[in-house]
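The structure under discussion appears below in the form of structure tokens.
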Amino acid sequence: MLSKRIIPCLDVRDGKLTKGVRFEGNRDIGDPVEAAYTYYEEGADEIVFYDITASAEGRGIMIDMVRRVAERIFIPFSVGGGIRTLEDMREVLLAGAEKVSINSEAVKNPGLIDAGAGAFGSQCVVLGMDVKRVEKSPSLPSGYEVVIHGGRVPTGRDALAWAREAERRGAGEICLNSIDADGTQEGYEIELTRLISTSVGIPVIASGGAGRPDHLFRVLTEGRADAALIASMVHFRAYTIGGIKDHLASKGVRVRRRW
């Protein structure tokens, strides 16, 4: 059995670490580079960075931040937000990231997944999916719709169908974020996570809603996720990465230990 990964998520706006609830009411809470180093020291398996306004503002990723992070931490990290072309992917990877996460642009231009996987390998391409629960319909049979641009724009695209298509196109991993649960600290969307995790053959990272260690236990076991993204519960220092891993290990979940 593979170990489950614990991955802090750092949302970045104007060069600052920020956090909101359901993609609204964001407030700045620190320096993303220093936060990444703290989580690296605590034993995070990977780190995810999202430039949360890059796509909506039509600008590129902050490459300088990527380079500074690569100088400080020695675990894999992925970067998303504002990545629109193969050259954008190349720039992020050359700056030191191991993976690129594409979300809004992949929906608008699905061929970007194929191109990225072909140029850099599927292991470098993460599909970011922001998903909202809706009424089931012929066009949205799963009851979950993909939304883009930070949850602002519905796409009419069914989440399950999109996950399967992305896998066929070469995505190596899916980071699945529930808009309904995001930032609430009330628990992950277990039904959504299990639906996607059991329907694709690539790893699924659960995102949105973590508030206490038991939430991770549930999504990694009941939700069948391969990894869990966390944000508020560590940003505000309610928990540490080590403490979360201790809790999971005590309940029989296999987690990675670096020391």
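The values are calculated or read from the model by the stated rules, or taken from the named source; none is laboratory data. This structure is a prediction, so every number in the text was calculated from the model and none was measured. Neighbour counts are summed over all protein chains in view; Cβ atoms, including those assigned to glycine, are modelled from backbone coordinates with ideal geometry.
Identify all residues within segment 217-234 that are surrounded by 21 or more Cβ atoms within 10 Å (Cβ to Cβ) and more than 16 Å from Ile47 (Cβ to Cβ); write none if there are none.
Of everything in segment 217-234, those that are surrounded by 21 or more Cβ atoms within 10 Å (Cβ to Cβ) and more than 16 Å from Ile47 (Cβ to Cβ) turn out to be Val219, Leu220, Gly223, Ala225.
Only one of Leu17, Leu2 is modelled with pLDDT under 90 and closer than 19 Å to Leu176 by Cβ; which?
The conditions single out Leu2.
Kindly check whether there is at least one residue in segment 191-199 that is touching a Leu at 6+ places or on another chain (Cβ under 7 Å) and part of a loop (DSSP other than H, G, I, E, B).
Yes, segment 191-199 has at least one match.
Just to check your reading of the model, which residue among Arg218, Arg224 is among the basic types (Lys, Arg) and in contact with a Phe, Trp or Tyr (Cβ under 8 Å, 6 or more places away or on another chain)?
Of Arg218, Arg224, the one residue that is among the basic types (Lys, Arg) and in contact with a Phe, Trp or Tyr (Cβ under 8 Å, 6 or more places away or on another chain) is Arg218.
Of the residues that make up segment 165-176, is at least one crowded, with 24+ Cβ neighbours inside 10 Å, in contact (Cβ under 8 Å) with a residue 60 or more places away in the chain, of a type outside the set (S, T, N, Q) and more than 30 Å from Glu42 (Cβ to Cβ)?
Within segment 165-176, one or more residues are crowded, with 24+ Cβ neighbours inside 10 Å, in contact (Cβ under 8 Å) with a residue 60 or more places away in the chain, of a type outside the set (S, T, N, Q) and more than 30 Å from Glu42 (Cβ to Cβ).
If you check Glu173 against the conditions, is it under 21 Å from Ser197 (Cα atoms), charged (D, E, K, R) and under 15 Å from the mean Cα position of the chain (by Cα)?
yes
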